[in-house]
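Contents: one structure, followed by commentary.
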Amino acid sequence: MSKALLHRLNEVVHALRQVSEEVSLGPEEARAQMAAAIARLLPDDARVAILPAPQARPGTLTFSLTDDALLAVTLPPGRELTPEQRAAVENAALHAAALLARAQDASRMQVSLQRKEEELARLRRADMLISSRLGLQETLESILQMALEVTGARYGIFRLVDENRQHLVTRAFAGDDLGRPATEALPLDESSITGLAAVQRKTLCIADVLKPPWADLYYPLDYDFRMRSELVTPLIAAGGRLEGVINLESPQVGAFTDEDALLLQSFAIQAVIAIQEARLLDALQDLSARLLADPPPVIYQRVAQLARELLGAPNAGLWTRSEAHLHLQALEPKDAVLPDELIASITDIPNATAPTHLSLARSDALVAPMLSSERGRAVGAVAVFSPPNAPLSASDWDKKVLALLARHAALAADNARRQEALRRARAQQAAAETFAAMGDIAANLMHRLNNKLGVIPVRIEGIEDKSAAALAADPYLARNLEAIRVSALEALDIVRESLTHLRPITLTAVAIPEAVNHALAELDLPPGIHIHRQGLDALPPVIAGRRRLALVFHNLIENAVAAMPEGGEIAIIGERTGDGVQVTVRDTGPGIPPELHDAIFQFNYSGRRAAGKLGFGLWWVKTIMARFGGSVQVQSDGHSGAAFILRFPVAE
């Protein structure tokens, strides 16, 4: 090759590079300038162009550049390229081919980057939909619409697992020109493509649903349209729980790529987050409403139900704590078997402030403490548990859900304590006001009775002085006169003693065993009555009136004795319960019918329990307990004994 031609070739290669680097040129203009640069290697009457591959004309010299483009050189009739010219053109064509291939790669990369940016923008939009707290239905429909736009699918549908985890139920669908969408529930098994993806928990990208083995499993998403390709992704939560399935379909064969599958999995993750947060929000709203209306046992049972449902656990339980003891309040399902090691492990973590994952020999559990806002410590625990061969998920989300449920259970316990404290305060205030009013009446009554009854012994003494002979001659008259005097004096003593109960009580620290001993010492127990005491000596002092507390036990034991004329047993059992003390007085008598449990504490109750007495005595017990800041409650089925439960505040 001559030096002149070689020099022109270098100039042409340089020009080709400049054209390829000029980003402002469009594809057609860039190809035209490349062809013009290569023409410098040829005679002036030669024509050079870069054409699509099928457009080469007969009699034209062609040089391949890319799969879809070639370099065409046209010479006047009878003219041919010299070997040097041909070699120079071939060399230039190789450079042009390399530059065009690079430009095409850059263009494809730019398109891919633009698509990725659009996909990321849609994913960010999905994140915003979730964080905006829209309804679950609206969020799923928006995610589905974005998936259709990105993948070019014709139709899409969300199916979620039902409560019984037996079917996939349609929750949202979208598409262009929908005809008759097939929204029936599908069984959660391998009888359909949707069920197969759910059971096997993997994404299926099917190029043609009409070919084996898919033809036998295909279930149309719309009865009026013939679809050919399908993309299916299960919705799997962080703990492995199946939430549902998302399906996309297209009338084109092989419409979906691996990139589409990855993108749909990203949308599935967003859908799972939306589903979980919507369910959690609904659960918390339900519990918040129940806190104002339902008693703690109902709320505890609901918390256990929600823990089992939201975390996908086979079993759930809730315990409250009193001192070092746990009391089971709720169990889901109700026939679940509680491993002993689980209860022991929960008892051993009283100071926990966050959920704890326990891997035990016979169970796997996630436990969250019920932290009281008033006491600053755990008042119980909520746990989900399973056999060791089916370990639970212990993801951050699972721990967050269980901690929130435990928090609402603790709020129920705190609210119950506040309501009970308020009830006791009101009862104590009402009792104080009642006794104050009765005290005023009593003072006036005592004054008047003292004036009337006090005259009787004085008058009798006068009669005895003036009629000594008559009384000596008539023993009957003397005995009756003495009986009248004694009765008057006893009546004065009874009035004075009874009215002292209406006086203000000096509350102090009182030992339960001391009060029980005092009451038993005053009672003349029949031979057939047996007293059993349990746990009294270990109780701390309680807030009460010393004499009044002994009278409370005196009244309850006396009633129990009267209810068992043939003899029986009376058990007096003490135990510590949280911030208080509980003492139960239980007998083996005939019991008290449930319909009378409230009536027996009323002031004007006139019924009788067997041969014994109730009425004013139990009203007085209830009122005195209220003045102590405590309470009294009866438990009995009306057949097998009765138990009176006394609750006292502990003396600090």
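Couple of notes before you dig in:
- Verdict on Glu575 being part of a strand (DSSP E or B) and surrounded by 15 or more Cβ atoms within 10 Å (Cβ to Cβ): yes
- Check on Val495, in a helix (DSSP H, G or I), surrounded by 13 or more Cβ atoms within 10 Å (Cβ to Cβ) and modelled with pLDDT under 90: yes
- Scanning segment 307-336 for residues that are aliphatic (A, V, I, L, M) and not in a helix (DSSP H, G or I) yields Ala313, Ala316, Leu318, Ala324, Leu326, Leu328, Ala330, Leu331, Ala336.
- Looking only at segment 208-229, and only at residues there that are under 14 Å from Gly175 (Cα atoms) and of a type in the set (Asp, Glu), the one that is surrounded by the most Cβ atoms within 10 Å (Cβ to Cβ): Asp222
- Among the numbered conditions (1) of a type outside the set (S, T, N, Q); (2) in a helix (DSSP H, G or I); (3) modelled with pLDDT of 70 or more, the only one that Leu81 does not meet is (2).
- Those residues of segment 249-303 which are among the small types (Gly, Ala, Ser) and in contact with a strand residue (DSSP E or B) (Cβ under 9 Å, 6 or more places away or on another chain), in sequence order: Ser250, Gly254, Ala255, Ala261, Ala268, Ala271
- If you filter segment 281-304 down to residues that are crowded, with 16+ Cβ neighbours inside 10 Å, under 14 Å from the mean Cα position of the chain (by Cα) and not aliphatic (A, V, I, L, M), you find that the one that is nearest to Ala381 (Cα to Cα) is Tyr300.
- Every residue from segment 305-328 that is surrounded by 12 or more Cβ atoms within 10 Å (Cβ to Cβ) and either of a type in the set (Ser, Thr, Tyr) or free of Cβ contacts under 8 Å to residues at least 40 places away in the same chain (or both): Gln305, Thr320, Ser322, His325, Leu328
- Whether a residue is closer than 18 Å to Leu291 by Cα, in a helix (DSSP H, G or I) and under 18 Å from the mean Cα position of the chain (by Cα) was assessed, and Ala403 passes this test.
- Annotation note: of Ala261, Ala289, Ala304, Ala268, the sole residue that is part of a helix (DSSP H, G or I), outside the structural domain of Ala403 (by TED's automatic domain parsing), at pLDDT 85 or above and touching an Asp or Glu at 6+ places or on another chain (Cβ under 8 Å) is Ala304.
- Matching residues, segment 2-45, being surrounded by 13 or more Cβ atoms within 10 Å (Cβ to Cβ) and outside any helix (DSSP H, G or I): Leu25, Leu42
- Within segment 360-376, one or more residues are within 16 Å of the chain's Cα centre (by Cα) and of a type outside the set (A, V, I, L, M).
- Qualifying positions in segment 240-260 - surrounded by fewer than 18 Cβ atoms within 10 Å (Cβ to Cβ) and either touching a Cys at 6+ places or on another chain (Cβ under 6 Å) or farther than 20 Å from Arg154 by Cα (or both): Gly240
- In summary, Asn555 fulfils each of the numbered conditions (1) surrounded by 17 or more Cβ atoms within 10 Å (Cβ to Cβ); (2) touching a strand residue (DSSP E or B) at 6+ places or on another chain (Cβ under 8 Å) with the single exception of condition (2).
- Matching residues in segment 172-185 - criterion: being at pLDDT 85 or above and either more than 32 Å from the chain's Cα centre (by Cα) or crowded, with 20+ Cβ neighbours inside 10 Å (or both): Ala172, Phe173, Ala174
- The one condition from (1) surrounded by fewer than 21 Cβ atoms within 10 Å (Cβ to Cβ); (2) out of contact with any helix residue (DSSP H, G or I) (no Cβ under 7 Å at 6 or more places or on another chain) that Ala563 does not meet is (1).
- Condition check for Gly617 on (1) at pLDDT 80 or above; (2) in a helix (DSSP H, G or I): one failure, at (1).
- Qualifying residues in segment 329-344 (those that are modelled with pLDDT of 90 or more and of a type in the set (A, V, I, L, M)) - the one surrounded by the most Cβ atoms within 10 Å (Cβ to Cβ): Ala330
- Verdict on Ser266 being among the polar types (S, T, N, Q), in contact with a Gly (Cβ under 8 Å, 6 or more places away or on another chain) and touching a residue at least 24 places away in the same chain (Cβ under 8 Å): no
The values are calculated or read from the model by the stated rules, or taken from the named source; none is laboratory data. Only a predicted model underlies this, so the values are computations on that prediction, with no experimental measurement involved. Every residue, glycine among them, receives a Cβ derived from its backbone with ideal geometry; neighbour counts consider all protein chains shown.
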